[in-house]
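Student: I have a structure here, written as structure tokens, and I will follow up with some questions on it.
The values are calculated or read from the model by the stated rules, or taken from the named source; none is laboratory data. Predicted model only: the values in this text are computed from it and were never measured. Heads up, the Cβs are rebuilt from the backbone with ideal geometry, glycines too, and the neighbour counts pull from every protein chain shown. Heads up: the accessible areas ignore ligands, DNA and RNA and are worked out on the full protein's heavy atoms, side chains in. Shrake-Rupley method; radii C 1.70, N 1.55, O 1.52, S 1.80 Å.
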Amino acid sequence: MTDLRELAAVAAELATAAGEVLRRRPADLQLESKTTATDAVTVMDRAAEAVILAGLRDRRPGDRVIAEESGDSSGESKVTWYVDPLDGTVNYLYDLPQFAVSIAAVIDDVPVAGAVYDVSRDELYVATSAGGSTCNGDALRCTNQPDPALALVATGFGYDAAFRAQQADVLRAVLPLVRDIRRAGSAALDLCSVAAGRVDAYFEAGMHPWDWAAGALIAREAGARVDGLQGRPPGRRVTLAANPSLFGALHDLLVAAGAGDLVPPS
Ligand code: IPD
């Protein structure tokens, strides 16, 4: 049997180690672009990822690893690791504090253990499936605000300009119906904020598994519901995380705003 606590300990250790790398932010970030001119990667994304990949090779040599910057390496065990060495790269680029390391262990497409390290706040979020989630060792609990009109809702946007225009249309319809919107710039931390009760909900379309796998588990284990819209699982289409008493009403509000029709470019 897979020891989920052992997987979570590996994720926590390597997320912290990568965070120590990111803390030493150099003056020259050697900026390059990826899918669009605004989708950035820096020398520090790569340095943090190298630390994590070396650690996984050492501690979990049989596992598959899918990492944001270096792609897919095969493995014969049933565990796949999703690694985002620097979630919130644009914030990091501008020296804004909202960025994190995100590492999840997934079995049969379901996140079972994970860690997200908020480097600036020195907050380590850890979760195992059915084992609860913690931040620096303290148990997490999402909010219980049931009313969308009083809900603080986090969201994020992709890098493709045409898709961002569609996301803006949805947001225009949603904004008057909720307490307010937050766009902090790190999907992993947005999901941890749901877990910690720092926002009531979060939704976004166009995420990759390394953006959301660890954070979704952390939010779920703090009592939140994390799902796609209209019966879909979380994934590239809209993923919604909310406290369970809010989920249904916010889901319907998002569908009415057109969020169910958002299909990100592949
Ligand atoms: C991005 C951040 C952002 C979200 C984007 C992600 P990256 O990840 O999580 O908040 O809105 O969808 O791609 O590019 O900083 O690793």
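Student: Can you give me the number of residues within the range 113-142 that are open to solvent by less than 20 Å² (accessible area, probe 1.4 Å) and either among the aliphatic types (A, V, I, L, M) or without any contact (Cβ under 8 Å) to a residue 60 or more places away in the chain (or both)?
Tutor: Result for the range 113-142: 5.
Student: Please tell me if T36 is in a loop (DSSP other than H, G, I, E, B) and open to solvent by less than 40 Å² (accessible area, probe 1.4 Å).
Tutor: It is true that T36 is in a loop (DSSP other than H, G, I, E, B) and open to solvent by less than 40 Å² (accessible area, probe 1.4 Å).
Student: Provide a single number: the residues in the range 50-67 that are in contact (Cβ under 8 Å) with a residue 24 or more places away in the chain and surrounded by fewer than 16 Cβ atoms within 10 Å (Cβ to Cβ).
Tutor: Total satisfying the criteria: 1.
Student: Can you spot a residue in the range 17-28 that is open to solvent by 70 Å² or more (accessible area, probe 1.4 Å) and either in a strand (DSSP E or B) or touching a strand residue (DSSP E or B) at 6+ places or on another chain (Cβ under 9 Å) (or both)?
Tutor: no
Student: What about A222, is it modelled with pLDDT of 95 or more, touching a Ser or Thr at 6+ places or on another chain (Cβ under 9 Å), of a type in the set (A, V, I, L, M) and within 16 Å of the ligand (Cβ to nearest atom)?
Tutor: Spelling it out, it is not the case that A222 is modelled with pLDDT of 95 or more, touching a Ser or Thr at 6+ places or on another chain (Cβ under 9 Å), of a type in the set (A, V, I, L, M) and within 16 Å of the ligand (Cβ to nearest atom).
Student: Right, something else. Does any residue of the range 154-167 turn out to be basic (K, R) and in the same structural domain as W212 (by TED's automatic domain parsing)?
Tutor: yes
Student: Which residues, taken from the range 239-255, are among the aliphatic types (A, V, I, L, M) and open to solvent by 10 Å² or more (accessible area, probe 1.4 Å)?
Tutor: Scanning the range 239-255 gives A249, L253, V255.
For every residue, the table says whether it meets (1) among the aromatic types (F, W, Y); (2) away from the ligand (no atom under 13 Å from the Cβ); (3) under 20 Å from Y117 (Cα atoms).
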| site | (1), (2), (3) |
| --- | --- |
| L177 | no, yes, no |
| G185 | no, no, yes |
| A188 | no, no, yes |
| A196 | no, yes, yes |
| A205 | no, no, no |
| P209 | no, no, yes |
